[in-house]
Structure formats: structure tokens, C-alpha cells
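Visitor: Have a look at this one before I ask anything.
The values are calculated or read from the model by the stated rules, or taken from the named source; none is laboratory data. The structure displayed is predicted, hence computed values, not measured ones. Positions of Cβ are generated from backbone atoms using ideal geometry, with glycine treated the same way; all protein chains shown enter the neighbour counts.
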Amino acid sequence: MGALDGRRAIVTGASSGIGEAAAEAFSQAGAELLLAARRVERLEAIGKRIGRSRAVALDVRDARACERELAGFGADLLLANAGLSIGMEKLQEGKPDDWDVAIDTNVKGVLNTVRAVLPGMIARGRGDVVLLGSVAGRQVYPGGAVYCATKHAVRAIYEALRLDAAGSGVRFTTVDPGMVGETEFSRIRFRGDEGRAKAVYQGVEYLKPEDVAEAIVWAVTRPARVNVGEIVMWASAQASTTVLTRKTS
């Protein structure tokens, strides 16, 4: 028997990276899945590979769509993973249109997703809500004003949820990784510039999406008396958001 047998899980941003790895890990542990992202073709291909899932095209910035697509699934496990960063300009050089996308996705997207799913969990008296944060929600770095602000907001949402749903039987976890490679994060941040995206990880033994997925599964499969609230994950080569050891040979 799998550790998540009988559970129904929603993963947003499931079309790549950590979301895809978590969907696969949840499936291997026995969960039935609802995979949500904007690229439904990618979701359908993932679903064929992992089984026991269905895909929905969803932009988490759309509150009505989140309610329509997520609320009726009866989830007792939610991974609010959808997020992105665009650009690394200094604040005084930043592009407000990019800020809108990042804030609406990383902050309002989390709010919209949780708002759609949490009432059902509270009514049933059980569930796990996992927010995908970042070490950027704990430390800032040059050029990261907006992205870091959004991830500080995710941490605040996590802390507020623990108070708002106290005694409900629902557990809340924030998983805050550092540098994770083999995702589309840097390619999106650098607006499709593959050279700049690859340079970020050059010479670094970074975290892999599977490492983060494994930590999430561990957190949500603890006994009901245990709430693993905060997981902070660093690559061994990463001492902080600004101190990184690269191999030179």
C-alpha cells in the first residue's frame, strides 16, 4: 500500500519542474490527482505517464476559474506550486507589467487556489495544504525585490492560515527551497535566454525537483498528530541567497 492511498491531491503548476516531480511522487504513493496548469497538453502527457489523474487548464490568477475547476474535486491534499519570476532588474529599472504577472501569480494565485480548496477540507475536518515558498521569502538579493516580496507574502499567508484554520484538522506546510535546477524557472526569469539561464547553474550541484518532491511527500505522510510546518532546503553548495560555491574544474 502507498502512503497516500485513498487521498485526492491537487497540484498547481504541474506541467514542469517541482510541480511535475511532486505529481509523480504523489501518484507513486497512491494518490488520485488533479493536475492544473496553463499548458494542458503537457499535463495530459504527464497524466498518461503517471496514471490516476486528470488535467485541467488553469491560470491561478483567475479566481473564478480556480473555484470552478478545483473546489469540487474533494481534495485532501493541495500543493500550491504555481509561480514564476520575470527579470532581475533593480527596482528603479523594473517593468511594472512584469511585476503584475509575478504578484498576481505568486501571491493572488496562492490565495485563489487555497480559497477554492480549503473550505472543503475544513468541512471534512482533515487535509494538508502545502505552499511552495522559497528561501527568497527569508532572504533578499540584488535584483530580486519583487520576487522576494512575493515569496515573503507566501510565508505570511502560511502563517496566517495556521491561525485562521486553527483547530480545523487541516495542516499547513511551507516548503522553501534554494537553488533548484532542471526546471523552467531561470528560462522564464530571463525571458527565454537559454544562455543566461544555464549560466545560473554552471558548476553548481543544485537541488533537483525530485528532492523537493520527496520532502513534500515526507511532510504530508506524518501521523495526524504531527504538522511539519516549515521546510527550508538548500543545495549544499549554497550558503545563502548570495553566497554560492561553484566548481571550477
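Visitor: So residue 82 clears everything in (1) under 17 Å from the mean Cα position of the chain (by Cα); (2) not in a loop (DSSP other than H, G, I, E, B) except one condition, right? Which one?
Guide: Looking at each condition in turn, residue 82 falls short on (2).
Visitor: Identify the single condition in (1) crowded, with 20+ Cβ neighbours inside 10 Å; (2) in contact with a helix residue (DSSP H, G or I) (Cβ under 7 Å, 6 or more places away or on another chain) that residue 74 does not satisfy, given that it satisfies every other one.
Guide: Status for residue 74: all satisfied but (1).
Visitor: How many residues does region 184-222 hold that are of a type outside the set (Val, Ile, Thr) and within 24 Å of residue 23 (Cβ to Cβ)?
Guide: Summing the residues that are of a type outside the set (Val, Ile, Thr) and within 24 Å of residue 23 (Cβ to Cβ) in region 184-222 gives 19.
Visitor: Check every one of the helices (runs of 4 or more DSSP H) wholly within region 175-221 and list those with 2 or more residues that are surrounded by fewer than 20 Cβ atoms within 10 Å (Cβ to Cβ), in contact with a Pro (Cβ under 6 Å, 6 or more places away or on another chain) and at positive phi.
Guide: Hits in region 175-221: none.
Visitor: Among the residues of region 26-35, write down those that are crowded, with 23+ Cβ neighbours inside 10 Å and in contact (Cβ under 8 Å) with a residue 60 or more places away in the chain.
Guide: 26
Visitor: Next up: Of all residues in region 161-205 being modelled with pLDDT of 95 or more and polar (S, T, N, Q), which is farthest from the chain's Cα centre (by Cα)?
Guide: 168
Visitor: Evaluate region 43-56: report whether one residue or more is acidic (Asp, Glu), within 27 Å of residue 218 (Cα to Cα) and crowded, with 20+ Cβ neighbours inside 10 Å.
Guide: No: region 43-56 contains no residue that is acidic (Asp, Glu), within 27 Å of residue 218 (Cα to Cα) and crowded, with 20+ Cβ neighbours inside 10 Å.
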